[in-house]
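The values are calculated or read from the model by the stated rules, or taken from the named source; none is laboratory data. Bear in mind the structure is a predicted one, so any value in this text is a computation, not a measurement. Neighbour counts are summed over all protein chains in view; Cβ atoms, including those assigned to glycine, are modelled from backbone coordinates with ideal geometry. In case anyone asks, the SASA skips ligands and DNA or RNA and just uses the protein heavy atoms, side chains included. Shrake-Rupley method; radii C 1.70, N 1.55, O 1.52, S 1.80 Å.
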Amino acid sequence: MRAVIQRVSQSSVVIEGSCCGEIGPGLNILIGIEDGDADEDIEWLCHKIVNLRIFDDDSGVMNLSVRDVGGDILVISQFTLYASTRKGNRPSYIKAARPEISIPLYEKFLQRLENILGKPVKKGIFGANMRVTIVNEGPVTILIDTKNRE
């Protein structure tokens, strides 16, 4: 799994002119799923996201997590995180898991994230054409790949 995690002051997702999810301060997460991803990837990634200390404390130091600050999370599925640009100029998405694999893992990811965070997570619709608005604070943007746990 790959996640792009952005600290935001607000974020929203609109599908066919209708707002499906909107948050204030918290995290906007773009999530990509590849073949071979499993429950252990979900578990590790969800704990990492909820506990990332990327919010400022009273001294202005990034020392607090989204849970510590009572922030919200908006999750957007994004298969293009597995784009390969090795050959030519048209990206290949062959590494992205097919919907029959990725949809159940995406749903498990959302459920586990809610369980760990302790409150509902906002989300887009898997596979939909979405318009995502992100007001990145900092900016703080972190890329995490469960296959390369740095």
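Below, the figures for the structure above:
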item: Qualifying residue in the range 76-84 (condition: free of Cβ contacts under 8 Å to residues at least 60 places away in the same chain, open to solvent by 10 Å² or more (accessible area, probe 1.4 Å), over 21 Å from residue 141 (Cβ atoms) and in a loop (DSSP other than H, G, I, E, B)); result: no
item: Criterion (buried (at least 16 other Cβ atoms within 10 Å of the Cβ) and of a type in the set (Phe, Trp, Tyr)) met by exactly one of 93, 106; result: 106
item: Count - residues of the range 31-63 that are in contact with a strand residue (DSSP E or B) (Cβ under 9 Å, 6 or more places away or on another chain) and open to solvent by less than 50 Å² (accessible area, probe 1.4 Å); result: 11
item: Enumeration of residues in the range 112-140 that are open to solvent by 80 Å² or more (accessible area, probe 1.4 Å) and farther than 12 Å from residue 73 by Cα; result: 115, 125, 129, 131, 139
item: Residue in the range 6-24 that is open to solvent by less than 50 Å² (accessible area, probe 1.4 Å), touching a Leu at 6+ places or on another chain (Cβ under 9 Å) and without any contact (Cβ under 8 Å) to a residue 40 or more places away in the chain present; result: no
